[in-house]
1. Assess whether GLY49 counts as being more than 11 Å from the chain's Cα centre (by Cα) and of a type in the set (Gly, Ala, Ser).
2. Say whether the condition of being free of Cβ contacts under 8 Å to residues at least 12 places away in the same chain, surrounded by 13 or more Cβ atoms within 10 Å (Cβ to Cβ) and not in a strand (DSSP E or B) is met by at least one residue in region 56-63.
Amino acid sequence: MDEYDWNRPYIEQGRMDLFDAIDRDTARRYGSKVRAAGVSNVDYKMRFGKLASKQSMKDPPSCGRIFPGYVVVRKLGTPEQYETWMPEQVFEELYRRSD
């Protein structure tokens with residue numbers, strides 16, 4: 001059995017993988033590239049509690065159940081850069097790993 005990585009929710013933005021927006025509308029609205037890392041909605045809530053006072057972040061989703069997903073850094077390198085959380089299925093419909 002794999003052990004839980006307690007530091008995973010707090011991965012630094014620069015260590016997150018780079019992804020490309022699949023469609024033009026997503027690229028136009030949020031940037032053509034994003035950084036992202038797999039974290040659950042509960043992990044993002046913990047991340048938000050620790051880091052929201054230091055960086056721009058969208059509020060975490062409700063956490064009645066645990067869902068897989070991604071912490072996503074959008075509008076990279078701009079003054080509007082922010083983090084959000086997205087469910088796995090939604091993220092995978094909008095982004096693909098950069099080569």
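Each reported figure results from applying straightforward, stated rules to the coordinates on display, with no laboratory input. Please read these numbers as outputs of a predicted model, since none were measured by experiment. All Cβ positions, even for glycine, are placed from backbone atoms using ideal geometry, and neighbour counts span all protein chains on display.
1. yes
2. no
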